[in-house]
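Participant: Sharing a structure here in structure tokens format.
The values are calculated or read from the model by the stated rules, or taken from the named source; none is laboratory data. As the structure is a computational prediction, the values presented were derived from the model and not from experiment. Note that each Cβ is placed from the backbone with ideal geometry, even for glycine, and that neighbours are counted across all protein chains shown. We work out accessible area using only protein heavy atoms, side chains counted, and drop any ligands, DNA or RNA first. Shrake-Rupley method; radii C 1.70, N 1.55, O 1.52, S 1.80 Å.
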Amino acid sequence: DREAGRTDAEARLVEEMSDRFPESLEVQLLAVESLLQDRSDGRAALNMLSTLSVPPDNARMSLRRQLHAFDAYMLLELPDSAGAALDAVPERYRESRTVLERRERLGG
């Protein structure tokens, strides 16, 4: 749906999936992504992120959480908070292409 430009349909499907699988961190992070990409709702994304608990030993999910936080703060035009979100990325991912691209959006 998203690729076909039906972002409302995409958002509804992801929201339904999120409601059906509240225990799945993967699904909940997908729901945050949908709030950002399909609805451009940074505030709702941050609210949802604040309810998610990422296990400290799951660096990949922590990376996703922080990237979504960055994107939400950028939508809200809060670059200092976006930078802080990147600062909280797990050490092993700080030089990844995705993180570096976002740093570049902040001006380095």
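Participant: Mind listing the phi-derived Karplus ³J(HN,Hα) values for segment 90-95, rounded to whole Hz, using 6.51, -1.76 and 1.60 with θ = phi - 60°, and x for any glycine or proline?
Facilitator: Residue by residue, segment 90-95 yields x, 3, 5, 10, 5, 9 Hz.
Participant: What relative contact order, as a whole-number percentage, does the chain give when Cα pairs under 8 Å and 6 or more residues apart are counted?
Facilitator: Computed value for the chain: 18 percent relative contact order.
Participant: In the chain, if every C-alpha pair distance is counted and binned at 5 Å from zero, what percent goes to each bin?
Facilitator: 2, 13, 22, 23, 20, 13, 6, 1, 0
Participant: Between residue 96 and residue 23, with labels modelled 7 Å along Cα→Cβ, what's the label distance in nm to one decimal, could you check?
Facilitator: Between residue 96 and residue 23, the simple spin-label model gives 2.7 nm.
Participant: How much of residue 87 can a 1.4 Å solvent probe reach, expressed as accessible area in Å² and rounded to 10?
Facilitator: Estimated to the nearest 10 Å², residue 87 gives 90 Å².
Participant: Give me the accessible area per residue for the chain, probe 1.4 Å, as a whole number in Å².
Facilitator: Value returned for the chain: 61 Å² of accessible area per residue.
Participant: Report the equivalent ellipsoid semi-axes for segment 50-104 in whole Å, largest first, defined as the square roots of five times the eigenvalues of the gyration tensor built from alpha carbon atoms.
Facilitator: They are 17, 14, 8 Å, listed from largest to smallest.
Participant: So which trypsin sites (Lys or Arg not before Pro) in segment 25-108 pass both tests, a DSSP loop state and at most 14 other Cβ atoms within 10 Å of the Cβ?
Facilitator: Passing sites in segment 25-108 are 94.
Participant: Sort out the exposed loop GluC sites (Glu not before Pro) in the chain (DSSP loop, at most 10 other Cβ within 10 Å) and tell me the longest stretch that has none.
Facilitator: Segment 24-76 is the longest.
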